[in-house]
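The values are calculated or read from the model by the stated rules, or taken from the named source; none is laboratory data. Note that the structure is a prediction, hence the values are computed from the model and not measured. Methodologically, a virtual Cβ is constructed for each residue, glycine included, from the backbone with ideal geometry; neighbour enumeration extends over all protein chains shown. Calculation scope for accessible area: heavy atoms of the full protein, side chains included, ligands and nucleic acids excluded. Shrake-Rupley method; radii C 1.70, N 1.55, O 1.52, S 1.80 Å.
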Amino acid sequence: MRDDGQRRRVQANLLGSGIITILIGLGWGTAFVHFQRPFLAGMHGGLVVFGIALVWLAYQGRLTAAALLAGHVFPAFIAVSCLFDNVPEGVHRATQMHFLSVALGGYFVFRRGGIYMKYVLPALCLTGFIVFSNTSIGFHDPALVIPESAAEIGVWTNTLTAMAELIFIVVIMNADLSVRRMMDIEMRKAIAHGDFQLHYQPQINEAGKITGVEALIRWQHAKMGNVPPVKFIPLAEETGLIVPIGNWVLRAACAQLAQWETRPETRHLTMAVNVSASQFRQPDFVQSVSEIVRLSGVTPSKLKLELTESMFVDNVDATVAKMNALKAIGIVWSLDDFGTGYSSLSVLNSFPLGQIKIDKSFVRDMLTNPSNMVVTEAIIELASKLNLQVIAEGVETVEQLNRLREAGCMSYQGYLFSPPLGIDAFSKLLSPEPSSAEPLTRHQPEPFAPDLAPAAMICPSLS
Ligand code: C2E
Ligand code: CA
Ligand code: CA
């Protein structure tokens, strides 16, 4: 998960790189046309096209595609430019200077990527810089060489543009660092002052009854207002603050669950809690969860811990062992955002899961994109064959709901029923009249007929 602010800074970096590329391509392309070096002019024409593609992708927000393209095309272009050297003897080439900005920019953009993008690519760029700075390796075709005075201007231009690129990247990295530092301090204060809250989003069964909730963290900041989790959870994951935050979430969720267990009308409710990757990887994760659950006194089978597919990629045995240890005390594992990760369907078989959550992107596009519908149906069928519960998240329309029901999915979560609510609003949703504690089918024989708004059924106050 990348936070919004960082996304914007990565986008600025890629847009800036694209624009600089276009300018460099145009400048050098024109110079090579002037010196009648068609090969080099063509190469720089290609660079302009690449720069335009980069700007377009970054502008569209397709940052991963833009970054992958840039991460490979830039070093390749610089290497080829160095090899087809056009400076006369006695003039030092300077094209390799651009390797420095690509290495630094790549490291920044791919900071949260895998080892290859984060370390190998920058390392290759630095190697390129060292090799081309200290050797005269290359083809040295006399037909490509340009006049000495022009080559000297070229050396200066290359050095200055490479420096400008470096300054641009450092400014963006610095802005990124300041924001992250500020957010880190604010999060620490929020932990100390108890500024985090939990909101609860109902989970509904096919009879329209609330069977449980997903606990979602909320941060009401005095100056920044309501800070959504996508803005601070990724950062908390990076800095390790997710561990105290995650423990707080678990304690607060269990305390709420314990309260619900004391009342007949809420005793049936389950509580889903999100667990982030770095929290799960803590060596004492099993111990601290067991302890929190034990101290709260809740029935462990009412607690569902949500993991995402990305956590199943490495260290399979350790992951299974942790999951089994908590499953043994009754805790249920739910696989969140199912369908968005890279792992294969074998995940469903290899890990002790009790539930899968169909990701909201499938639900959103289900009615407009037939292949999404096919995938959704396949997930539901597979889950039923493997004896896994299946819940669809992000259900926003009656049409989506009806389609999911037809496909065999019998649990739902989404704005159609209710947004995540603070505890008071959620209690109101549960308590008025006999409505929500009892199956709605008692009052509505066909609860999800397309002309009925389910929100109105589970929440009389919304009707
Ligand atoms: P998630 O676990 O996939 O949670 C569902 C998100 O979808 C929530 O966003 C929820 O408000 C939103 N949502 C619910 N119904 C609908 C709908 O019908 N349509 C759409 N478009 N969205 C819907 P929220 O609360 O902003 O949380 C975002 C993410 O932040 C969560 O995604 C989860 O990954 C993370 N998160 C939230 N709370 C916690 C927490 O306590 N711990 C950890 N580790 N992560 C959390
Ligand atoms: Ca979730
Ligand atoms: Ca989800």
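Structure notes:
- Calculated accessible area for segment 194-462 comes out at 44 Å² per residue, all protein chains present (probe 1.4 Å; ligands, DNA, RNA ignored).
- Adding -39500 (n - 2.57) for every DSSP H run of four residues or longer, then dividing by how many residues the chain holds, sets the calculated 222 nm ellipticity at -18000 deg cm²/dmol.
- Distance between modelled label sites at residue 167 and residue 398, nm, 7 Å Cα→Cβ extension: 6.2 nm
- Computed Kirkwood radius, in angstrom, where 1/r is averaged over Cα pairs of the chain: 25.6 Å
- Cα-Cα over 30 Å, subset of 118/304; 327/428; 223/357; 327/385: 118/304; 327/428; 223/357
- Angle in degrees between helix 121-134 and the longest Cα principal axis of the chain, rounded to the nearest 10: 10 degrees
- Calculated FRET value between residue 310 and residue 140, using beta carbons and R₀ = 51 Å, to 0.05: 0.60
- In sequence order, calculated HN-Hα J values of segment 141-152 (Karplus, 6.51, -1.76, 1.60; Hz; x Gly/Pro): 6, x, 5, 9, 5, 9, x, 4, 4, 5, 5, 5
- Percent accessible area from carbon and sulfur atoms, the chain, protein chains only, probe 1.4 Å: 61 percent
- The heavy atoms of residue 316 present about 60 square angstrom of accessible area, all protein chains included, probe 1.4 Å.
- Relative contact order of segment 300-426: 19 percent, from C-alpha pairs under 8 Å at least 6 residues apart in sequence.
- Angle between the chain longest axis and helix 98-109 axis [Cα atoms, degrees, rounded to 10]: 0 degrees
- Rounded to 10°, Cα long-axis angle of helix 4-34 versus longest principal axis of the chain: 20 degrees
- In segment 375-428, the ratio of gyration radius to Kirkwood radius, Rg to Rh, stands at 1.08 when only Cα atoms are counted.
- Binned Cα-Cα distance frequencies in segment 321-390 - 10 Å width, integer %: 20, 50, 24, 7, 0
- Per the Debye calculation on segment 197-263 with a single equal scatterer at every Cα and no solvent contribution, log₁₀ I(q)/I(0) for q = 0.22 Å⁻¹ amounts to -1.01.
- Fully extending the segment from residue 83 to residue 182, taken as 0.36 nm per residue of separation minus the present Cα-Cα distance, adds 31.1 nm.
- A simple spin-label model places the labels of residue 159 and residue 115 3.8 nm from each other, with each point 7 Å out along Cα-to-Cβ.
- Segment 176-244: relative contact order in percent, alpha carbon pairs under 8 Å with at least 6 residues between: 27 percent
- Percentage relative contact order, the chain, counting C-alpha pairs under 8 Å, at least six apart: 11 percent
- Per residue accessible area in Å² of segment 4-181, where ligands, DNA and RNA are left out and the probe is 1.4 Å: 51 Å²
- Peptide packing: for 346-352, 198-204, 92-98, the average count of neighbouring Cβ atoms within 10 Å per residue gives the ranking 198-204, 92-98, 346-352, highest mean first.
- Per-selection Kirkwood Rh - segment 194-462 (Cα, Å, 1 d.p.): 19.2 Å
- Label-zone membership for segment 77-92, site residue 39, 7 angstrom Cα→C-beta point, backbone N under 14 Å: 80-87
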